[in-house]
Amino acid sequence: MGFLFGKKETVRAMAEVLGDGRALADKELGRVKYRNEWRGKEPLIEIGVRVQPEYEPAYEATMKAGISSSFLLMPGVQVQVTYDPSKKEHVELDDKLQAIVDRNPQLTHKE
C-alpha cells in the first residue's frame with residue numbers, strides 16, 4: 001500500500017514563456033474578489049510556456065505561477081519549471097525571482 005502514498009515523481013526543465021504575465025495578472029486582479037483587502041492564498045495565473053526537457057523534444061503546456069512573479073513572465077523569458085512526467089500539460093514555476101532576472105538580461109533596465 002506504500003505506492004498509494006509515495007512521493008510524486010517530478011521532473012525539472014527549462015521553459016520559455018509564451019504569454020504576457022503582466023497582462024494576465026492585471027486581468028486576474030481586476031476581478032471583484034480582489035477589489036478590497038485580500039487575505040488568502042496567493043492568486044495563481046496560468047500562462048503558456050514551451051517546455052524544453054533535457055532528453056525529449058520541446059512541447060507547449062500551461063504553467064501555473066503566483067501573481068507575485070507575474071511581472072517577470074514576459075514572452076521569451078527562460079524559467080525553470082517542474083512537472084509530473086505522466087501529466088506533462090500541467091507545469092509549475094519552480095524558480096526564484098532573482099534567478100529569473102540573472103538568467104534573462106532583457107529584464108534589466110540599462111541606462
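Since every read-out is calculated from the coordinates, none of them should be taken as a lab result. Source: prediction; values computed, not measured. A quick note on method: Cβ atoms are made from the backbone with ideal geometry, for glycine too, and the neighbour counts reach across all protein chains shown.
Annotations
- Sequence-distant residues sharing a close amide H with residue 77 (under 5 Å, placed H): 17
- Bridge orientation summary for the chain: considering DSSP beta bridges with both residues in this region, about 90 percent are antiparallel.
- Sites count as exposed loop sites when they are chymotrypsin sites (Phe, Trp or Tyr not before Pro), lie in a DSSP loop, and have at most 14 other Cβ atoms within 10 angstrom; the longest stretch of the chain without one is 56-111.
- Relative pair counts by distance (%), Cα atoms of the chain, 5 Å bins: 2, 11, 20, 20, 16, 13, 9, 5, 2, 0, 0, 0, 0
- For residue 48, residues with placed amide H under 5 Å, excluding near neighbours: 18, 19, 63
- Segment 16-23 - phi-based ³J(HN,Hα) in whole Hz, Karplus 6.51/-1.76/1.60, Gly and Pro as x: 9, 6, 9, x, 9, x, 5, 5
- Among the trypsin sites (Lys or Arg not before Pro) within segment 15-111, those in coil by DSSP and having at most 15 neighbouring Cβ atoms inside 10 Å are 31, 35, 39, 41, 96, 110.
- For the chain, calculated [θ]222 nm from helices alone, where every DSSP H run of n ≥ 4 adds -39500 (n - 2.57): -4000 deg cm²/dmol
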